[in-house]
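Written out below as structure tokens is the structure these notes cover.
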Amino acid sequence: MYTVIVAEDEADVREAIVQGLDWETLGFEVIDSAENGQEAWDQFAKHTPDVLLTDIKMPFMDGLHLSGLVKHKHPGTRIVILSGYDEFEYAQKALKLQVDEYVLKPFSTEELLEVLAKVRNELDNEAAEKKNLDSLKEHYRKSLPVLRENFLASLMMRQLKKREIEEKSVLYDIPLSGRGFQVSVVSLDLPGAGAGAELKDGEVPRSASVSLKDSEDQELMLFASLNIAEEIAAERELGRVFLHNSQIVVLSIRDEEEAEAVTALTISVLEEIRQAVLRYLKFTVTVGIGIVVHEPSGLSYSYKDAVLALDYRVILGGNRLVSIADVEKRLGEKVRFDELKEESLIRCIKLGTAAELKDNVDALFQGLLESPVSVKEYQLYLMEIVTAILKAAKDADADLDAVFGDNMAPFAELHQFRTLEEAKGWLIAICTRIMGSIAVVRQSVYKNLVEEAVAYTRANYPDSGISINKVCSQLHISTGYFSSIFKKETKMTFVAYLLHIRMEAAKELLRTTDLKAFEIAEKVGYTEPNYFSFSFKKHVGISPKEYRSSIRGG
């Protein structure tokens, strides 16, 4: 039931409205009535009704002023204005969009009922939308834990863009501000996986005394371990803990930038988790620890290394922490040709300039200079880059013969470079030739599209309905794309070109026929003869009649 206040200074009219309508059947309840605007405003402040039904001319405060106050205070209130014919135009201009409905005096009961029914439908629709929105919000609130875990899982599986990470971390309330990040993976030592595990203080691991064939039992063990890990990580303010691929992932998020400091705290917390699981749950876990990275976008690298470290359980045994830094002695952090680097390089090849290409390749090689790598890693890195370049060339239909000539064995050349500068120069040269080939292909496509558009326009210019949208529909391309390439190829807009061919056709008809101007207008696509004459004079400089006279010598 929606609430209504009626404001009307004429007592008989006010009484007729309040008492003469079956408000309950309409879905309304009149909670108060007022004989002037000030009284109505006082009542509004007290009740905040859904609908205000008000006259325009009232003492102390008129309906326009009242409506303005109401809309400012509570924009959702529906306002129905009662106004006489002499007030209607003024009211309509003054209130603009503030008022929902007008009822002109004198009005019939049917007219008022019709307006109120319309208002009720609007309120019903608004209530339904709000209910749906509230339902969606509740569903979102309940889904938030799952969304958070999905987001964290995506950080483990692939490299996300910085902006996407920032937006989702705020949306899901997962703070990821820090300078040192490290991923560790905690895995239960199931039968066969934990052979050789070293136990402390003579404790017996559960794997030795209880069968783990029951998957439900394994799930309970996993969640019990998760609870312990969450409690300890929270107490030590390490970061976040979550499940991924039936394993517990511990994400260290630290303000420290030094890898040694981040790893030291991570190891301390993980060791506490390992011992707590053994003490309270009576089974063992093995933990793989990845590298330290300095941006959330690099977490997938740390996760992969943590999983790789965990694989060393087969050799070292379970019930221990295994750091990738200990089992794989590296000269530095791996140089990786990741998704973002590949995406940036391909975009540059397809759309960039020579300067952008040089900057891009310089950035690719900067990693090699900053993090010394083995010859094998260096060659694999270059092979990944060349593979991406070849794929981009193939996708863009570039002429590979023009790019590589008779030597279609680019991978063989990777072993011949004596310095990084030689390799860099070779890659830039290859990319430059591919960019040129792509440009040739693109130009050919542009030219063919424009030729088709020109042919279609020349054949259909007498059609007054021809437009850029119609041409683009014929060519199956977007108007924005077409406008750009058409102007680039013809040095004029499509509208200017259409006008040009119509005017040329009109001049030809004026020279060679005795058709009247209105007949020529129709033949060249104009439905309005006067507009044709106006366009002709603007384009040619003289009217159609003057043009014909000048051609025929008077």
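The values are calculated or read from the model by the stated rules, or taken from the named source; none is laboratory data. This is a predicted model, so every value here is computed, not measured. Don't worry about glycine lacking a Cβ; one is built from the backbone with ideal geometry, like all the others, and counts go over all protein chains shown. To get the accessible areas, we keep the full protein, side chains included, count just its heavy atoms, and leave off ligands, DNA and RNA. Shrake-Rupley method; radii C 1.70, N 1.55, O 1.52, S 1.80 Å.
I'm trying to understand the selection: among the residues of the stretch 407-433, which are among the aliphatic types (A, V, I, L, M) and either over 35 Å from the mean Cα position of the chain (by Cα) or at pLDDT 85 or above (or both)?
Step one: filter the stretch 407-433 for residues among the aliphatic types (A, V, I, L, M), giving 408-409, 412, 414, 420, 423, 427-430.
Listed by number, the residues that qualify are 408, 409, 412, 414, 420, 423, 427, 428, 429.
Within the stretch 233-252, is there a residue that is modelled with pLDDT under 90 and of a type outside the set (Phe, Trp, Tyr)? Lay out the reasoning, then the answer.
Let us first name the residues in the stretch 233-252 that are modelled with pLDDT under 90, namely 245-246.
Adding the requirement that they be of a type outside the set (Phe, Trp, Tyr) leaves 245-246.
Among the residues of the stretch 233-252, at least one is modelled with pLDDT under 90 and of a type outside the set (Phe, Trp, Tyr), which makes the answer yes.
Of the residues that make up the stretch 396-404, is at least one open to solvent by 40 Å² or more (accessible area, probe 1.4 Å) and modelled with pLDDT of 80 or more?
Going residue by residue through the stretch 396-404, those that are open to solvent by 40 Å² or more (accessible area, probe 1.4 Å) are 397, 399-402.
Restricting the remaining residues to those that are modelled with pLDDT of 80 or more gives none.
For the stretch 396-404, residues open to solvent by 40 Å² or more (accessible area, probe 1.4 Å) and modelled with pLDDT of 80 or more: absent.
Being open to solvent by 40 Å² or more (accessible area, probe 1.4 Å) and part of a helix (DSSP H, G or I) is the filter here, so list the residues in the stretch 478-489 that pass it.
The initial filter retains those residues of the stretch 478-489 that are open to solvent by 40 Å² or more (accessible area, probe 1.4 Å), namely 478-481, 483-484, 487-489.
Of everything in the stretch 478-489, those that are open to solvent by 40 Å² or more (accessible area, probe 1.4 Å) and part of a helix (DSSP H, G or I) turn out to be 479, 480, 481, 483, 484, 487, 488, 489.
Being over 17 Å from residue 357 (Cα atoms) and part of a helix (DSSP H, G or I) is the filter; apply it to the stretch 414-446 and report the residue that is most open to solvent (accessible area, probe 1.4 Å).
Narrowing the stretch 414-446 to residues over 17 Å from residue 357 (Cα atoms): 414-419, 440-446.
When the remaining residues are screened for being part of a helix (DSSP H, G or I), the result is 440-446.
Values: 440: 100, 441: 45, 442: 75, 443: 76, 444: 59, 445: 66, 446: 32 Å².
Checked the stretch 414-446; the qualifying residue most open to solvent (accessible area, probe 1.4 Å) is 440.
Could you check the stretch 119-141 and list, in sequence order, the residues that are more than 17 Å from residue 79 (Cβ to Cβ) and either in contact with a Gly (Cβ under 8 Å, 6 or more places away or on another chain) or among the acidic types (Asp, Glu) (or both)?
The answer is 124, 129, 134, 138.
So which pairs qualify, if the first residue must be in the stretch 150-168 and part of a helix (DSSP H, G or I), the second must be acidic (Asp, Glu), the Cβ gap must be under 9 Å, and the two must be at least 6 apart or on different chains?
162/295; 165/295
Confirm whether residue 443 is at pLDDT below 90 and closer than 30 Å to residue 519 by Cα. Please lay out each step first, then the result.
Working: at pLDDT below 90: yes; closer than 30 Å to residue 519 by Cα: no.
No; evaluated as a whole, the condition is false for this residue.
State the number of residues belonging to the stretch 219-239 that are touching a strand residue (DSSP E or B) at 6+ places or on another chain (Cβ under 7 Å) and either assigned to a helix (DSSP H, G or I) or surrounded by fewer than 18 Cβ atoms within 10 Å (Cβ to Cβ) (or both). Full working, then the answer.
Of the stretch 219-239, the ones touching a strand residue (DSSP E or B) at 6+ places or on another chain (Cβ under 7 Å) are 221-222, 225-226, 229-230, 233, 238-239.
Checking the rest, the ones that are also either assigned to a helix (DSSP H, G or I) or surrounded by fewer than 18 Cβ atoms within 10 Å (Cβ to Cβ) (or both) come to 221-222, 225-226, 229-230, 233.
Counting residues in the stretch 219-239 that are touching a strand residue (DSSP E or B) at 6+ places or on another chain (Cβ under 7 Å) and either assigned to a helix (DSSP H, G or I) or surrounded by fewer than 18 Cβ atoms within 10 Å (Cβ to Cβ) (or both) gives 7.
When residues of the stretch 535-545 are filtered for being surrounded by fewer than 18 Cβ atoms within 10 Å (Cβ to Cβ) and in contact (Cβ under 8 Å) with a residue 24 or more places away in the chain, how many remain?
Number of matching residues: 3.
Yes/no matrix, rows are residues, columns are (1) outside any loop (DSSP other than H, G, I, E, B); (2) without any contact (Cβ under 8 Å) to a residue 40 or more places away in the chain; (3) surrounded by fewer than 16 Cβ atoms within 10 Å (Cβ to Cβ):
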| position | (1), (2), (3) |
| --- | --- |
| 519 | yes, yes, yes |
| 527 | no, no, yes |
| 530 | yes, yes, yes |
| 533 | yes, yes, no |
| 547 | yes, no, no |
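Return the residues of the stretch 110-146 that are hydrophobic (A, V, I, L, M, F, W, C) and surrounded by 14 or more Cβ atoms within 10 Å (Cβ to Cβ); say none if nothing qualifies. Give the derivation first.
At the first step, the residues of the stretch 110-146 found to be hydrophobic (A, V, I, L, M, F, W, C) are 112-113, 115-117, 119, 123, 127-128, 133, 136, 144, 146.
Matches in the stretch 110-146: 112, 113, 115, 116, 119, 123.
In the stretch 453-477, how many are part of a helix (DSSP H, G or I), out of contact with any Ser or Thr (no Cβ under 6 Å at 6 or more places or on another chain) and either among the basic types (Lys, Arg) or under 28 Å from residue 392 (Cα atoms) (or both)?
3
Looking at (1) open to solvent by less than 50 Å² (accessible area, probe 1.4 Å); (2) within 24 Å of residue 508 (Cβ to Cβ); (3) outside any loop (DSSP other than H, G, I, E, B), which one does residue 449 not meet, given that it meets all the others?
(2)
Suppose we filter the stretch 244-275 for residues that are hydrophobic (A, V, I, L, M, F, W, C), over 12 Å from residue 183 (Cβ atoms) and buried (at least 16 other Cβ atoms within 10 Å of the Cβ); how many remain? I'd like the intermediate steps shown before the answer.
From the stretch 244-275, those hydrophobic (A, V, I, L, M, F, W, C) are 248-251, 253, 259, 261-262, 264-265, 267, 269-270, 273; that's our starting set.
Next cut, over 12 Å from residue 183 (Cβ atoms) only: 259, 261, 264-265, 267, 269, 273.
With the extra rule that they be buried (at least 16 other Cβ atoms within 10 Å of the Cβ), the set shrinks to 259, 265, 267, 269, 273.
Summing the residues that are hydrophobic (A, V, I, L, M, F, W, C), over 12 Å from residue 183 (Cβ atoms) and buried (at least 16 other Cβ atoms within 10 Å of the Cβ) in the stretch 244-275 gives 5.
Counting only residues that are modelled with pLDDT of 90 or more and out of contact with any Cys (no Cβ under 7 Å at 6 or more places or on another chain), give me the helices (runs of 4 or more DSSP H) lying completely in the stretch 263-369 with at least 3 of them.
Numbers: elements: 299-311, 313-316, 324-327, 339-351.
Helices (runs of 4 or more DSSP H) meeting the threshold: 299-311.
Can you find a residue in the stretch 91-105 that is part of a helix (DSSP H, G or I), open to solvent by 30 Å² or more (accessible area, probe 1.4 Å) and either under 20 Å from residue 9 (Cα atoms) or at pLDDT 85 or above (or both)? Spell out how you get there, then give the answer.
Filtering the stretch 91-105 down to residues part of a helix (DSSP H, G or I) leaves 91-95.
Then keep just the ones that are open to solvent by 30 Å² or more (accessible area, probe 1.4 Å); that gives 92-94.
Subset that is either under 20 Å from residue 9 (Cα atoms) or at pLDDT 85 or above (or both): none.
No, the stretch 91-105 contains no residue that is part of a helix (DSSP H, G or I), open to solvent by 30 Å² or more (accessible area, probe 1.4 Å) and either under 20 Å from residue 9 (Cα atoms) or at pLDDT 85 or above (or both).
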